[in-house]
Structure formats: C-alpha cells, structure tokens
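The values are calculated or read from the model by the stated rules, or taken from the named source; none is laboratory data. Being a predicted model, the structure only gives us computed values, none of them experimental. Using ideal geometry, Cβ is built from the backbone for each residue, glycine included, and neighbour counts are taken over all protein chains shown.
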Amino acid sequence: MNPHVPVLAVYFDGQELMADHRLARQSVEALMRILPSKHTQGWSHEVHVLITVYRLAHSLSYSVVSRAFHVPKSTVCRLVQSGVEKIAALRQEVIRLPTAGDLDEVGQAFARLANSPVFSRCVGSIDGCHVRIKAVCDGKGLFINTYVGFPGSVHDTRVLKSNRIYREALYPPPGYFIVGDGGYPCTETPVAIITPYREPLQGRVQSRFNHHHAKARCTIERAFGMLKTRWRSLFFKALEVDHTFVPSVITACAVLHNICLTAGDILEPVEDVGDIGVDPPRPVRGVRSGHGQRDRLAGRLSAPLVHPVELEDHDYL
C-alpha cells in the first residue's frame with residue numbers, strides 16, 4: 001500500500017471524502033467500525049473499504065480503479081466483490097423493522113409528515129424504483145425492509161406478494177398500517193396497506209385524504225431520491241456487473257444509505273429520481289380489502305374535531 005497515492009492520501013491525511021467516495025468521513029468511519037476486518041486478502045481493512053466504496057461511487061472499470069489506487073486489477077476485482085458482499089451481509093443488522101417500542105415514534109413522524117394525527121398509526125411507506133427494489137422506509141427515510149432481484153417488467157403487486165413481509169404478515173403489526181401509491185392493492189390483510197383514492201375522486205373527503213396521504217408517502221420517494229443521488233453513477237446507467245451480482249450491489253447501497261443517515265450524512269436529492277410511475281394494481285386473491293379502513297381514516301381526517309378550520313395546508317398538530 002502506498003499511502004501517498006492521492007486517493008489514499010485524502011483519507012490518511014484526515015481530509016473530507018465526499019468528492020471521491022460520495023460518503024462523508026463519519027459515514028466511512030462508521031462503515032469501517034461495523035464491517036468485519038478479517039480476511040481482507042492481505043490488504044488493510046481501510047484500503048479494502050475505500051476501494052469498494054470508490055467503485056460503487058463512480059461505477060468505473062476495474063482497470064481505472066486499479067490505476068487510481070496503484071493496486072493490481074485482479075486484486076481490485078476480488079476486493080470489490082468481497083467488499084460488496086460484506087456490506088450487503090449487514091442488511092439484517094442495518095435494515096430492520098422497528099421494535100414494538102419504536103412504533104409510537106415512527107407513527108408520530110408520519111403524523112408530522114402528513115400534517116394530521118390520523119396518520120399516527122402509519123408506520124411505513126412502501127414503493128419500488130428502477131433499479132427495481134421493493135422497500136419500506138420509516139418517517140426519517142431509513143429503509144426498514146428491502147426486497148431486491150425482480151426484473152423491472154414485473155408488476156408491483158407480484159413483487160409485493162413474493163416478499164416475506166407480506167407472505168408471512170411480518171409488518172406492520174395489527175392496528176397499524178403502511179402507505180403506498182396506487183400501484184398497490186388497498187388491503188387490510190395479510191398486511192394493512194392504505195393507498196390513495198383513485199380518480200375520479202368523489203368529493204372533498206377523498207380529495208383531502210389523498211392530499212395528506214401524499215405527504216405521508218413522500219418519505220419513501222425522498223429515500224429513493226437520496227439513494228440514487230448518492231450512487232447516481234450506478235443507478236443512472238446499466239450496471240456493468242454480472243446479473244447475479246446486481247442484488248448484492250443494490251443491497252449494499254441500501255445498507256450504506258442507512259449508515260449515512262444514522263451518521264448524519266444526508267445528501268438531499270438534486271431532482272425527483274424516486275418516482276417510477278404508477279401502474280394500476282392487480283387483483284390479489286385471499287386478502288381482505290382495505291377500502292373500509294381507508295374510508296374510516298378519511299372520515300376521521302375530515303371530522304370537525306380533527307379539522308376545525310377548512311384549510312388544506314393548515315398544520316393540525
């Protein structure tokens with residue numbers, strides 16, 4: 001290792017790392033603390049992490065990364081492959097569902113987003129994006145569940161039905177719900193997913209509900225926006241890796257997203273990169289419709305005690 005190589009000197013001299021690695025120093029240091037430091041194939045733990053993140057940040061060829069770090073190309077390939085797998089393996093530790101004790105705090109975050117206490121039982125926002133990844137996030141934009149691997153031609157409903165969180169009714173707990181866009185079915189069981197009313201809307205009650213629902217749902221679109229802004233070299237062109245390695249790369253980026261937010265390293269989206277459009281939901285057998293629950297929420301949202309003033313943008317909290 002040559003610590004005087006410019007890209008390494010930036011790290012060892014204590015300089016900021018955002019330009020080279022798309023992560024602030026506190027995020028890189030947090031990653032190094034939680035990643036296993038053994039089995040780095042003879043290279044230091046720091047170099048292993050820096051080469052891996054540099055490759056993710058810029059999606060450069062192994063030859064270019066090799067020249068940047070003065071490390072043999074074959075070694076860069078091995079380090080990146082193992083580094084991505086190690087980061088992706090942190091998924092269970094970094095991307096996890098809230099505990100029962102966290103649900104009230106998560107619900108309050110969504111109530112603030114929606115500007116209505118009616119959404120205090122909302123504990124997640126679900127959506128998908130290209131590169132196709134099914135994810136649920138909390139009110140702060142942290143991913144609490146991800147599901148990666150289906151091609152982009154697969155409908156949201158099919159991806160949802162394949163996810164353990166849906167098949168095994170893992171989340172949300174009874175009495176809570178998550179919000180999704182119109183591409184999802186509105187269901188009460190096996191999990192409660194509340195979607196907006198479809199056009200044409202029937203009056204102000206439905207219109208008002210959709211307005212606040214969109215405010216609560218925006219956190220997942222912002223999360224995807226931050227993810228793609230940070231790793232835009234990966235997500236705005238074809239991934240030049242073997243197709244079997246793609247899920248690990250995407251999962252690793254989602255893990256890094258959570259590490260960054262936890263470390264206070266927030267990179268706001270520079271444009272709307274989270275929304276992929278909405279296809280009509282497909283019928284799902286063996287589920288209970290959530291239309292009644294949605295109607296009850298909409299009714300509470302428009303009740304006089306909840307809305308003493310008929311203003312769409314009034315802060316009701």
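Enumerate the pairs (first residue in the range 198-210 and without any contact (Cβ under 8 Å) to a residue 40 or more places away in the chain; second residue anywhere and part of a helix (DSSP H, G or I) and surrounded by fewer than 16 Cβ atoms within 10 Å (Cβ to Cβ)) with beta-carbon separation below 8 Å, excluding pairs fewer than 6 apart on the same chain, so at least 6 apart or on different chains.
Within 8 Å, the pairs are LEU201/SER207.
May I ask you to list pairs of residues, at least six apart or on different chains, whose Cβ atoms are under 6 Å apart, with the first in the range 223-249 being in the same structural domain as ASN145 (by TED's automatic domain parsing) and over 20 Å from ALA19 (Cα atoms) and the second being among the acidic types (Asp, Glu) and surrounded by fewer than 21 Cβ atoms within 10 Å (Cβ to Cβ)?
Pairs found: SER248/GLU85.
Looking at the range 139-146, can you tell me whether even one residue there is among the basic types (Lys, Arg), closer than 30 Å to ALA88 by Cα and assigned to a loop (DSSP other than H, G, I, E, B)?
Going through the range 139-146, the residues among the basic types (Lys, Arg) turn out to be 140.
Applying the additional criterion that residues be closer than 30 Å to ALA88 by Cα yields 140.
Cutting the leftovers down to assigned to a loop (DSSP other than H, G, I, E, B) gives us 140.
Checked the range 139-146: at least one residue is among the basic types (Lys, Arg), closer than 30 Å to ALA88 by Cα and assigned to a loop (DSSP other than H, G, I, E, B).
Which of the residues belonging to the range 30-52 are crowded, with 16+ Cβ neighbours inside 10 Å and either among the charged types (D, E, K, R) or not assigned by TED's automatic domain parsing to the domain that holds SER82 (or both)?
GLU46
How many of the residues in the range 162-196 are in a strand (DSSP E or B) and closer than 19 Å to ALA111 by Cβ? Even if it seems obvious, please write down each step before you answer.
Initial filter on the range 162-196 (in a strand (DSSP E or B)): 177-180, 187-189, 193-194.
Still in the running and closer than 19 Å to ALA111 by Cβ: 177-180, 193-194.
So the answer is 6.
Taking the range 212-248 as the region of interest, how many residues are part of a helix (DSSP H, G or I), in contact with a helix residue (DSSP H, G or I) (Cβ under 6 Å, 6 or more places away or on another chain) and at pLDDT below 90?
Looking only at that region, the number is 3.
Quick check on ASN145: is it on the phi > 0 side of the Ramachandran plot, in the same structural domain as ALA254 (by TED's automatic domain parsing) and not small (Gly, Ala, Ser)?
Numbers: on the phi > 0 side of the Ramachandran plot: no; in the same structural domain as ALA254 (by TED's automatic domain parsing): yes; not small (Gly, Ala, Ser): yes.
In short, no.
Any chance the range 190-205 includes a residue that's of a type in the set (Val, Ile, Thr), surrounded by fewer than 20 Cβ atoms within 10 Å (Cβ to Cβ) and farther than 21 Å from GLY128 by Cα? Outline the logic, then answer.
Restricting attention to the range 190-205, the residues satisfying the condition of being of a type in the set (Val, Ile, Thr) are 191, 193-195, 205.
If we keep only those that are surrounded by fewer than 20 Cβ atoms within 10 Å (Cβ to Cβ) as well, we get 205.
Pick out the ones that are also farther than 21 Å from GLY128 by Cα and you get 205.
Yes, the conditions are met somewhere in the range 190-205.
Return only the number of the condition from (1) farther than 25 Å from VAL118 by Cβ; (2) assigned to a loop (DSSP other than H, G, I, E, B) that GLU199 does not satisfy.
Unmet condition: (1).
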